[in-house]
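The values are calculated or read from the model by the stated rules, or taken from the named source; none is laboratory data. Given the structure is predicted, the values throughout are model-derived calculations rather than measurements. Cβ placement follows ideal geometry from the backbone for every residue including glycine, while neighbour counts extend to all protein chains displayed.
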Amino acid sequence: MKMKKKFRGVYDEKGERRSKQEEAEVARRPAVVMRHGRLSYNVAWQPLRCTVSYYMRDGTLALVSNEMDIRRCCSVLRQLRPHLEESAMVDQIVRQQAAGYLLAYFESDQVIRSVAGFRYSENLAYGKFMYVDDLVTNSDDRSQGFGKLLFDWLVAAARERGCEVLALDSGVQRFGAHRFYLVNRMSIMSHHFTLRL
């Protein structure tokens, strides 16, 4: 049975609304698996780590919690940001974390498959929003659904925090990424201008 879109532990596996007591119990126990298209993954909100079942393969979707986790994500992140060496990237991520930057990754078979860097903010244009700084899938693992899985998790996280918009910028040359974002119902809303100083 298809579950309702608002799945923050409020609805059970049959799509029926839970009582307040049941919601509290769900929040304390390991998350249930939800079917979403061909993907199966955890939806009871666990902000630091959750177990993911993906095409019969188990994996972990987690937020980095230490420098070792950051280093493990660097080889994938450097495919998107090749101008940064690993040590400089780690230092910058640590600095950005002090300002609210979060780094999430999906791992299966002890391999980091996809990584997302994001933050929460608020402005006059969007109200509350999630800004995705970095979203990249390991080059050997593209077109296998790992980016989609992480993207869906970001959308759920943004909704959970009461965001009205998920926003990101994508380089004009990244045509494959543009197709991915458009397929996932994102819209091109503005031009982004920069001035190198």
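Inside segment 125-154, residues that are basic (Lys, Arg) and either in contact with an Asp or Glu (Cβ under 7 Å, 6 or more places away or on another chain) or part of a helix (DSSP H, G or I) (or both) make up a count of 2. Condition check: surrounded by 15 or more Cβ atoms within 10 Å (Cβ to Cβ) and out of contact with any Pro (no Cβ under 7 Å at 6 or more places or on another chain). Does GLY171 satisfy that? Taking the combined requirement at face value, the residue does not satisfy it.
Tally time: how many residues in segment 134-149 are of a type in the set (Gly, Ala, Ser) and within 10 Å of the chain's Cα centre (by Cα)? Don't jump to the end; show me each part of the working.
Step one: filter segment 134-149 for residues of a type in the set (Gly, Ala, Ser), giving 139, 143, 145, 147.
Next cut, within 10 Å of the chain's Cα centre (by Cα) only: 147.
Qualifying residue count for the region: 1.
Within segment 147-169, identify whether any single residue is modelled with pLDDT under 90, touching a Lys or Arg at 6+ places or on another chain (Cβ under 7 Å) and closer than 17 Å to GLN79 by Cα, and answer yes or no. The answer is no; no qualifying residue exists.
Does LEU149 fit the bill of being in the same structural domain as ARG174 (by TED's automatic domain parsing), surrounded by 14 or more Cβ atoms within 10 Å (Cβ to Cβ), under 17 Å from ARG179 (Cα atoms) and not charged (D, E, K, R)? Please lay out each step first, then the result.
On the way: in the same structural domain as ARG174 (by TED's automatic domain parsing): yes; surrounded by 14 or more Cβ atoms within 10 Å (Cβ to Cβ): yes; under 17 Å from ARG179 (Cα atoms): yes; not charged (D, E, K, R): yes.
Considered against the rule, which asks whether it is in the same structural domain as ARG174 (by TED's automatic domain parsing), surrounded by 14 or more Cβ atoms within 10 Å (Cβ to Cβ), under 17 Å from ARG179 (Cα atoms) and not charged (D, E, K, R), LEU149 comes out as yes.
Only one residue in GLU164, GLU160 is of a type in the set (D, E, K, R) and touching a strand residue (DSSP E or B) at 6+ places or on another chain (Cβ under 7 Å). Which one? Talk me through it step by step, then tell me what you get.
Numbers: GLU160 fails: touching a strand residue (DSSP E or B) at 6+ places or on another chain (Cβ under 7 Å).
From the options GLU164, GLU160, the qualifying one is GLU164.
Can you tell which of ALA157, ALA88 is surrounded by 14 or more Cβ atoms within 10 Å (Cβ to Cβ), assigned to a helix (DSSP H, G or I) and either free of Cβ contacts under 8 Å to residues at least 12 places away in the same chain or in contact with a Pro (Cβ under 9 Å, 6 or more places away or on another chain) (or both)? Exactly one residue qualifies, and that residue is ALA157.
Within segment 120-139, residues that are closer than 21 Å to GLN97 by Cβ and in the same structural domain as TRP153 (by TED's automatic domain parsing) sit with their Cβ atoms under 7 Å from residues that are part of a strand (DSSP E or B) and polar (S, T, N, Q), at 6+ positions apart or across chains, in these pairs: PHE129/SER121; TYR131/SER121; VAL136/SER114. The residue pairs whose first member lies in segment 170-197 and is assigned to a loop (DSSP other than H, G, I, E, B), whose second member is of a type in the set (D, E, K, R) and surrounded by fewer than 10 Cβ atoms within 10 Å (Cβ to Cβ), and whose beta carbons are closer than 9 Å, counting only pairs six or more residues apart or on different chains, do not exist in this structure. Of everything in segment 91-124 that is over 19 Å from LEU166 (Cα atoms) and assigned to a loop (DSSP other than H, G, I, E, B), the residue that is modelled with the highest pLDDT is ALA98.
Look at (1) closer than 21 Å to LEU61 by Cα; (2) over 18 Å from the mean Cα position of the chain (by Cα); (3) among the β-branched types (Val, Ile, Thr) and you find that VAL115 fails only one, number (2).
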